[in-house]
Amino acid sequence: MTERVLLVEDNHALAENVAEILRDEQLLVSVCHDARGAERSAAAEGFDLAIVDIRLAGAESGLDLVPILHRLSPEGEVLLITGNATLDSAIRAIRRGVYAYLPKPFEPDDLVTLVKRALAQVALKREKHALSQRLAASEALY
């Protein structure tokens with residue numbers, strides 16, 4: 001199964017560069033440039049990992065999008081990126097359950113490493129869920 005990545009970045013050039021890096025890693029990437037598009041995409045297609053810019057165009061905030069994305073894809077992980085890293089935003093991100101917080105500019109290798117780790121975490125969550133279901137089915141039989 002090919003992992004799905006939802007990329008939410010209002011800087012079109014950066015979004016295309018990051019998408020290209022991720023596609024080179026054999027990932028399916030959906031690019032959205034605002035929170036509404038990200039919600040529609042997550043609801044329609046789901047995702048394994050969402051990479052979300054904290055500051056989106058207009059009044060939208062990537063931090064506000066995190067709980068919505070978690071609700072739409074409970075086993076998925078969220079990675080926040082930002083050009084304006086602050087201690088406050090990092091704390092708020094962690095409290096909202098993000099997998100990681102990556103300040104811009106970042107090295108492509110650092111991004112790929114974080115993405116692979118996050119996707120491994122998603123695979124573990126899915127495996128745990130499947131094992132729990134099998135155990136419950138087995139216990140129901142006996």
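Could you please find all residues in the stretch 104-120 being open to solvent by 60 Å² or more (accessible area, probe 1.4 Å) and at pLDDT below 95? Answer for the stretch 104-120, where residues must be open to solvent by 60 Å² or more (accessible area, probe 1.4 Å) and at pLDDT below 95: just 105.
Answer yes if at least one residue in the stretch 121-140 is in contact with a strand residue (DSSP E or B) (Cβ under 6 Å, 6 or more places away or on another chain), of a type in the set (Gly, Ala, Ser) and either open to solvent by less than 70 Å² (accessible area, probe 1.4 Å) or more than 17 Å from residue 10 (Cα to Cα) (or both), and no otherwise. No, the conditions are met nowhere in the stretch 121-140. Return yes or no: is residue 6 aliphatic (A, V, I, L, M), at pLDDT below 95 and closer than 18 Å to residue 100 by Cα? For residue 6, the condition - aliphatic (A, V, I, L, M), at pLDDT below 95 and closer than 18 Å to residue 100 by Cα - is not met.
Condition check for residue 46 on (1) modelled with pLDDT under 95; (2) at negative phi: one failure, at (2). Does the stretch 21-39 hold any residues that are of a type in the set (Asp, Glu) and either within 14 Å of the chain's Cα centre (by Cα) or closer than 18 Å to residue 119 by Cβ (or both), and which are they? Within the stretch 21-39, 24, 25, 39 qualify.
The values are calculated or read from the model by the stated rules, or taken from the named source; none is laboratory data. Since the model is a prediction, treat every value here as computed from it, not as a measurement. With ideal geometry, Cβ positions are generated from the backbone for all residues, glycine too; neighbour counts draw on all protein chains shown. What goes into the accessible areas is simple: the full protein's heavy atoms, side chains included, and nothing from ligands, DNA or RNA. Shrake-Rupley method; radii C 1.70, N 1.55, O 1.52, S 1.80 Å.
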